[in-house]
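As C-alpha cells, the structure follows; a few thoughts come after it.
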Amino acid sequence: MLDHIREMVRAGERLSYEDGLALFVEPDLLALGQLANEVREKRHGDRTYFNKNMRLEVTNVCVASCLFCSFARLEAHMPGAHTMSLEQAWKELEDRMDDPPTEIHVVNGLHPGLPFSYYEDLLRGFKRIHPGVHLKCFTAVEIHFFAKHYGMTYVEVLERLRAAGNDSLPGGGAEIFHPEVRTKISDDKATADEYLEVHRVAHRMGMKTNVTMLFGHIETFAHRVDHILRCRELQDETGGIQAFIPLAFHPDGNGMRNLPAPTAIDDLRTFAVSRLLLDNVDHIKAFWVSSGPDVAQIALRFGADDIDGTIVHETIYKAANTASPGALGYHELVRLIREAGRVPVERDTFYNVVKEHPRADLPEAASKVKDRERKPRTKLPVVASAPAGASAEEVPS
Ligand code: V47
C-alpha cells in the first residue's frame, strides 16, 4: 500500500480518506516517516522554523467543561482559578522588553464575567508597550463565545479585536471535529462547524490562522483522518491556514486521566500522516511542549518543519503535568534543530525570516566530542545560558 501512496505523492496526486487510514496503520514507520520527510524537504529543504514568542493565559475561568482540560476552573472563586488584571498581563510583557518577543499568543478560558472591553484593552496595552509585536490572541472557540456572550457576529468580534491590535488567530479549540468524539469530550463550546466558520470568516477578512488537533485519547484513526481532511477542505476554500499542529493528549488531572498518553511512535506517525494528507498547508508544527522536546526534535525528520517558540510561561500543559520544561532558551531551540541536522530559522508569525542560523557541520554533540579529544582541558560552552539570539559560534567558552 505504501508503494502505491508513494507513487501518488511523488506524482503530486491528492491522497484520499482511505489512503489516510492506510497510512495510520502502515507497519513500516520509518518508510512512512521517510515519505513525509521527502514532502517536507521538497517544501522547506532543511529549514526549520521557530520564533521568540510569549504565551499568556490571562484567565482560566471557563464555562465549558472539556473532559481533557486540567487548566480550567468553572467559577472565579474556586481554588486555582485566576484572572489577571490588565496591569498584571501587561507587566508580563514589560518584564521581557530587554529581549522582546516577536509574538504574544493568548489562550483563555471562556470567562462569563468580564466586559468585552477587557480584551480590547489587553490588546491595546500590549501594542502600546511593544508596537511591533504580533498578537495571536483568542481561539475560534473564544471568538464564538464572545459573539454569543456579547451579542455580536463573528465579523463584529473579529473587527473589534483587530482594531484593538489583534493580528491573527491561534489554532486552539479544534480538539477532534467529528461529533462522535466532540460531543463526548467537548460538548458545551463551539461545534466543529462553528470553529471552522470562525476561521473561514477570519480568512475572508484577510487574517491568517492555525488549526490544531488534540489526539491520543478516545478518538480512532478514522476520526483523525476526518479531522485533517476537514482542515484540508477549508484550506482549499480560503488558503488562510498557516500551520497545522497535532497536540498530543496529556491525561494528568483531567476527566480522561484513566487513559494512557499517546506514545512517541503515535506522535511521529501523526506528524507524518498530517504532512502527507495536508498537501495545501505549508507548515506542520511539532509543538515541543505537547510532544516534549525529544519527540519534537525527531518529528523534524517525520514531516514537521516548525517547533513553536521560546514560550516562557505556559500553564495549560503545566496543569496537565507535562514533563516538558515551561520554556526553552533561544539557543536551546537552535541547538535542538541543528542536532536534527536542520537549519534553524527564526521566523515571525507570517514565516518571514528574522534570522537564519548557519548549519552545523556535525551534530553539535559530535563536535563537542571532537573538541574534547583535541583540547581535553578546555571548558565547554554552557549552551543553555547563551545570550538570546547567539549562535553556537558566538557563545564564549
Ligand atoms: O485548545 C488542553 C489543548 C490547546 C490538553 O496556534 C491539551 O500556534 C493535550 O492550541 N493535553 C491550547 N492538549 C494550545 C494550542 C496551541 C499550542 C501551540 C501552538 C498553537 C498555535 C496553539 O491545548 C487547547 C487544547 O486543544 N489542550 N488540554 C491536554 N490535557
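Here are the numbers for this structure:
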| item | result |
| --- | --- |
| Farthest toward positive dipole pole in the chain [+1 Lys/Arg, -1 Asp/Glu at C-beta], among PHE24, ALA202, HIS134 | HIS134 |
| FRET efficiency estimate (nearest 0.05) - Cβ-Cβ, ARG124 to GLU237, R0 30 angstrom | 0.40 |
| Extension gain, MET205 back to LYS355 (0.36 nm per residue minus Cα-Cα distance, nm) | 51.1 nm |
| P(r) weight above 18 Å for segment 57-204, C-alpha pairs, percent | 57 |
| Reach of LYS91 by Cα under 17 Å, taken over aspartates and glutamates that are not fewer than 8 positions away in the same chain | GLU57, ASP99, GLU103, GLU120, ASP121, GLU314 |
| Dimensionless Rg/Rh of segment 206-300 - Kirkwood Rh, Rg from C-alpha atoms | 0.98 |
| Segment 2-356 - share of DSSP beta bridges that are antiparallel (%, nearest 5) | 15 |
| Pairs beyond 30 Å (Cα-Cα), from LYS52/LYS318; LYS42/LYS136; LYS189/LYS355 | LYS189/LYS355 |
| Approximate spin-label separation GLU159-VAL25, in nm, with each point projected 7 Å along Cα-to-Cβ | 5.0 |
| Distance in nm between pseudo-label sites at HIS149 and THR220 (7 Å out along the Cβ direction from Cα) | 3.6 |
| Förster radius 22 Å - calculated FRET efficiency between THR315 and ASP95, Cβ distance, rounded to 0.05 | 0.85 |
| The chain - Cys residues lacking any other Cys C-beta under 4.7 Å | CYS62, CYS137, CYS231 |
| Per-residue [θ]222 nm for the chain (sum of -39500 (n - 2.57) over DSSP H runs n ≥ 4, rounded to 500) | -12500 deg cm²/dmol |
| Share of Cα-Cα pairs in the chain lying beyond 31 Å, as whole percent | 36 |
| Contact order relative to length of the chain, as percent, for alpha carbon pairs under 8 angstrom and 6 or more apart | 20 |
| Förster radius 25 Å - calculated FRET efficiency between SER117 and ASP188 (Cβ-Cβ, nearest 0.05) | 0.50 |
| Per-residue Cβ neighbour rank within 10 angstrom, fewest leading, LYS136, LYS42, LYS318 | LYS42, LYS318, LYS136 |
| Once exposed loop GluC sites (Glu not before Pro) are cut out (DSSP; at most 12 other Cβ, 10 Å), longest piece of the chain | 76-397 |
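Every read-out reported here was derived from the displayed coordinates using simple, explicitly stated rules and does not represent laboratory data. Source: prediction; values computed, not measured. So basically every Cβ, Gly included, is an ideal-geometry build from the backbone, and we count neighbours across all protein chains shown.
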